[in-house]
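Only one structure is covered here, and it is reproduced in the block below.
Rule-based calculations on the coordinates, nothing more; no lab input. The structure presented is a predicted model; accordingly, all values stated were derived computationally and were not measured. FYI the Cβ positions are ideal-geometry reconstructions off the backbone, even for glycines, and counts take in every protein chain you see.
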Amino acid sequence: MQTQVAIVGAGPAGSLLALLLHQAGIEVVVVERQSRDYVLSRIRAGVLENGTVELLRSAGVGARLDAEGHVHTETGIAYRAEEIFYFDIGKYAGSQFVSYGQTEVQKDLYEALDAAGVPILFEADDAAIHEPTGEHPYVTCVHGGEQVRIDANQVVGCDGFHGPSKDAIPHLRRYEKTYPFGWLGILSETPPLEHLIYANSERGFALCSQRNPMLSRYYVQCPLDDTVDDWSDDRFWSELMARLPQHVGDEIVTGPSIEKSIAPLRSFVAEPMRHGNLFLAGDAAHIVPPTGAKGLNLAVSDVFYLSRGLVRHYHDGDDHYLDTYSDMALRRVWASVRFSWWLTSLLHRFPDQTEIDQRLQEAELALIQTSDRAQALLCEQYAGMPFES
Ligand code: APR
Ligand code: PHB
C-alpha cells in the first residue's frame, strides 16, 4: 500500500489529522490497534478550549458540538469546606469553554472520515515504524490476518502513551512525573450542576462536571491501590458531598452510576516531537494530569501545527512549518504541562501533606479569589493559549 502520510493511531489526534490532510488533498492511511467500537467506548475528559472548537468547526465537524455543547464562562473552585468562588474566563480571557465529551468528538470525526472515504485499518496488530529517517519510511502491521506494508513520505505517531512510535526515536528525552493518587470517575444519568466545580478539601480533591443535560460526570481523588469494587455508588456520593460546600452538595442529583473507573495521574513529555520523517502528536508525545482538561486540547494544538506544516510542504514545497513543528508544539505543551501540574498540586491532598501544606494551598486559593490579576492569569491559562502563527 502506498500513501503520502501514514498515521498510527485513530484517537482524536490521528483522526483529526487524517481529516485535515484529506481535506487538503493529501493522501493518508490510518492504522488503529483497537476496533472502532472500543475507541468509541473510552470515556475521557470533555472540555474544549476555544481554539479546539474553532479547529473542529473549520474541519466541518462543529455542527453537533455547536448544537449540543454546553458553553461555560464561569467555573467554580471550592475550598476551606464552605468557601466557593467562580472565575469568569469570558471576562478575563475573552474566550469560552465548551463541555462536549471526547467520545462525541471521536464519533463526529469517524463519521466525517467515513463520509470522505479515508482508509482506517481498525484492529491492526503489531504496528511498527521502519526507516523513520529515510526518504521513504514505512509502517508494517497485521490486518485481517494479512501482513500489510504502508509506504509513505511521512509517518505520524498518534498512538497514545503506550504506542510504539516513541520507541522508533533513538535518544528521545523523556521527562516524567507520577502523582501519588488517582481519580475515581463516574458517569450518571442525572442532570449536572450548571457550572464545573473543582474542590480542594481536607478529604481530597473532587470535581463536578457534565456531558449533557441528562449526563453528569463526577470525580473524587482516591488512593492509587483502590479498585472500583472498593467504591459502591453510595460511598462515592457521600464522599463527593463531604468534599463540597453543603449548598453545592445539596444541589447534586444522585443516581446509579453507568460507568466507574480509576485513572492514574501523570505528567510526561517526550522531546523532540520529530525524528527525520517521523512526527509525534498528542498523547504519544505528552501526558498531563486531567486537572485543567488539557489532554485533548493539546492533542488538537499539535494537529493544528503539524497539519499546517504538512499542507505547506505538499502545496508549496515550503518546509518552514514542518521544520519548526517540534519547537512550536513543545512551547505550548510545556505551558500546559506546567499549568496542569500547578492546578493538580494546588487542589489535591498529598499523602505526606501536613496542616501547614493544607493552609498554604488555602492561602493561595484565597489569593486567587481576591486578586483580579491572579484570576486573569488563571483564566488565560485555563482558556488556553492561542495557536502561534
Ligand atoms: N497500533 C495502532 N494504534 C495504536 C497502537 C498501535 N500499536 N497503540 C495505540 N494505538 C492507538 C490507541 O488504540 C488509540 O486509539 O492510538 C490511539 C491513541 O489515542 P489516544 O490515546 O486517545 O491519544 P490521542 O489521539 O493523542 O488523544 C489525546 O486522548 O488520551 C486522551 O487525555 C487524552 O484527551 C487526550 C486525548
Ligand atoms: C471531565 O468532564 O471529564 C473533566 C472536566 C474538567 C477536567 C477534567 C475532566 O479538568
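Results, tabulated for the structure shown:
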item	result
Full-stretch length increase - Glu259, Glu146 - with 0.36 nm per residue and alpha-carbon distance subtracted	37.1 nm
Where Cα atoms sit under 22 Å apart: lysine pairs in the chain separated by 8 or more or lying on different chains	7
Gyration tensor over alpha-carbon atoms, the chain, equivalent ellipsoid semi-axes in Å	37, 22, 20
Rg over Rh [alpha-carbon atoms, Kirkwood Rh] for the range 217-265	0.95
Sequence-separation-based contact order of the range 79-208, relative, with Cα cut under 8 Å and 6+ spacing, percent	16 percent
Loop chymotrypsin sites (Phe, Trp or Tyr not before Pro), the range 117-166 (other Cβ atoms within 10 Å of the site Cβ: 15 or fewer; DSSP)	Phe161
Net length gained if the chain between Glu27 and Glu135 were fully extended (0.36 nm per residue, minus Cα distance)	37.2 nm
Estimated distance in nm for a label pair at Glu364 and Glu194, the labels positioned 7 Å out from Cα along Cα-to-Cβ	3.0 nm
Förster radius 22 Å - calculated FRET efficiency between Glu123 and Phe161 (Cβ-Cβ, nearest 0.05)	0.65
Virtual spin-label span in nm between Arg203 and Asp114, 7 Å along Cα→Cβ	4.3 nm
Relative counts (whole %) of C-alpha pair distances in the range 188-331, using bins that are 10 Å wide	10, 31, 23, 17, 14, 4, 0
10 °C / 1.306 mPa s Stokes-Einstein diffusion coefficient of the range 1-149, Kirkwood radius on C-alpha pairs, µm²/s	91 µm²/s
Highest to lowest packing among 215-222, 291-298, scored as the average C-beta count within 10 Å	291-298, 215-222
Difference of contour (0.36 nm per residue) and Cα-Cα distance, Lys177 to Asp352	61.3 nm
Rel. contact order, % - alpha carbon contacts under 8 angstrom, at least six apart, the chain	21 percent
Sorted by Cβ neighbour density within 10 Å, fewest at the top, the residues His275, His72, His171	His171, His72, His275
